[in-house]
Each structure stands twice: as structure tokens, then as C-alpha cells.
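Please treat every number below as a calculation from the coordinates, not as lab data. Source: prediction; values computed, not measured. In this analysis, Cβ positions are derived from the backbone assuming ideal geometry, glycine residues included, and neighbour counts consider all displayed protein chains.
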Ligand code: TMP
């Protein structure tokens with residue numbers, strides 16, 4: 001692994017990571033933490049090894065997506081819990097894609113958990129903790145000037161393309177990608193690129209071995225959110241499957 005640059009000023013500390021400036025103004029350092037929160041931090045805890053799992057899984061997935069032509073902020077993993085990324089301005093929008101009904105979609109629309117969604121559903125949320133990250137429409141995005149209509153269109157089509165690529169990747173790890181959340185940023189030239197992380201914190205992943213059983217075998221943050229089982233073991237299993245698939 002490349003050596004770790006000395007982190008400088010702490011730019012941002014979120015629920016799951018810290019972002020530092022480095023000596024290079026075009027590079028930030030992301031440190032992934034074991035801290036876990038759910039329901040806008042109403043539930044707090046920690047998942048041992050989560051920082052390492054999320055950093056390593058994200059590094060593998062960003063590398064795979066870059067190979068498939070999806071520009072993203074990833075530069076290099078420099079320790080089990082740290083990666084160097086391109087310095088970008090993050091758009092305050094969370095882009096969610098759903099292939100089956102789960103989580104807040106079931107709650108909002110009364111759908112049965114596990115219902116297949118074809119074609120996949122695309123949603124936008126306003127990244128704003130004080131408001132509880134509300135679901136927003138294109139017109140809300142325009143009203144709040146969060147992004148231009150062209151940027152919203154670009155994020156939507158990139159997210160659908162990333163969904164196809166990630167579904168294929170996870171299928172080869174015997175995992176089904178139920179839904180996931182992406183974030184995008186603007187580079188200094190104003191071009192959109194994929195940022196943040198892609199991990200069991202931000203994806204729902206069910207074991208494909210249990211595909212035809214009534215209760216899915218959950219291997220993601222829902223283990224923590226809803227006390228469904230051993231989150232530490234679930235995260236480690238995702239890590240092992242992703243790393244072995246790539247080797
Ligand atoms: P939801 O069903 O709770 O809306 O979540 C949809 C997907 O987005 C799920 O894979 C988890 C992910 N997600 C995040 O990564 N961060 C969040 O803050 C939330 C609410 C969901």
C-alpha cells in the first residue's frame with residue numbers, strides 16, 4: 001500500500017468517517033470509523049472492524065467502477081481504514097436506487113419487504129441532518145438550487161449504470177444488491193464524479209444462497225439498525241466475499 005501522508009487540518013467529521021486536508025490541495029484523506037448510527041443518529045453504537053470493512057470494500061468497488069468507466073474520487077487505500085481521495089465539492093444530495101422494496105420505502109408506501117422493483121427505482125434525498133434527510137423531487141432540487149437539472153439528469157443516469165455494474169459484481173460474490181445510496185461531487189473543472197463510500201453501511205445486501213427462503217439472510221447495516229443479528233460477522237462476510245471475488 002502507498003505510504004500514509006500526514007493528515008493535516010480536520011475538514012469534516014461525520015458519523016462514520018473523518019476527512020482531512022493533506023499537503024496536496026488536490027487530495028483529501030478519509031479515515032473510516034467503527035462508530036455506527038441509524039435513524040439520523042437516534043440509535044448509536046459501534047461495529048468492531050466496520051472501518052476496515054467499509055474502507056476496503058469501497059476501495060475495491062471504486063477500483064472496479066473506474067475500470068468500467070465510472071469516474072470517482074478514489075485514489076488509493078493507504079491503510080486498512082484510510083484512503084486518499086480527490087478533493088471535490090460534494091453535492092448535498094443522496095441518490096438512492098432500489099431493486100427490491102425494503103427500509104423506508106416499505107414504511108412510506110406500505111409495500112411488502114422484498115417485493116421486486118423493475119425497472120429499478122431512483123430517488124433523491126436532501127442531505128440535511130437537521131431536516132432528517134427528506135425525500136425530494138426534481139423541483140425541490142431546483143427550488144433549493146442544490147444542483148442544475150443537467151446535473152440531476154447526469155446523477156440519475158450514472159446511478160442506474162452503477163446499479164447494473166454493482167448488481168453484476170455482487171452477484172458474483174453470491175450477494176443480491178437490494179438497494180443503495182450514492183453521493184456525487186464536482187471536481188475543480190465542474191465535472192460530476194462519484195464520491196463517498198459503497199459499503200455494507202450504504203448498500204442492502206442479502207445472501208443469494210437464501211434467495212428462495214421467506215426470510216432473507218441480511219449481511220448489511222440492517223443487522224445493526226433493526227437488531228437482526230451479528231453485525232460484526234455480517235460485515236466480515238461481505239469483506240471476505242468481495243476480496244475473494246476480486247483476487
Ligand atoms: P432507506 O430504505 O433507509 O431509505 O435506505 C435506502 C438505502 O440507502 C439503504 O441501502 C441504506 C442507504 N442509506 C445510507 O447509506 N445512508 C442513510 O442515511 C440512509 C437513510 C440510507
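Couple of notes before you dig in:
- For the chain, alpha-carbon Rg over 2.2 N^0.38 Å: 0.97
- The chain: most fluctuating residue of 119, 149, 188 per GNM, C-alpha cutoff 10 Å: 119
- Inter-label distance, nm, simple model (7 Å from Cα along the C-beta direction), residue 122/residue 26: 3.0
- Ordering of 57-64, 82-89 by packing is 57-64, 82-89, highest average first (other Cβ atoms within 10 Å, averaged per residue).
- Among 194, 177, 122, residue whose mean-square fluctuation peaks in a GNM of the chain (springs only between Cα atoms under 10 Å): 122
- Our estimate of slack between residue 160 and residue 130, defined as 0.36 nm per intervening residue step minus the Cα-Cα distance, is 8.0 nm.
- The calculated FRET efficiency for the pair residue 67 and residue 153, based on their C-beta separation and a Förster distance of 30 Å, comes to about 0.75.
- Calculated [θ] (222 nm, deg cm²/dmol) that DSSP helices of n ≥ 4 give over the chain, each run adding -39,500 (n - 2.57): -9500 deg cm²/dmol
- In this simple spin-label approximation, residue 172 and residue 42 carry label points 7 Å from Cα along the Cα→Cβ vector, and these lie 4.0 nm apart.
- Potential lengthening of the chain between residue 115 and residue 139 amounts to 5.8 nm, from the contour at 0.36 nm per residue minus the alpha-carbon distance.
- Legend: calculated FRET efficiency, residue 214 to residue 8, from the Cβ-Cβ distance at R0 = 41 Å, rounded to 0.05, equals 0.20.
- The ranking of 90, 192 by Cβ neighbour count inside 10 Å, starting from the fewest, reads 90, 192.
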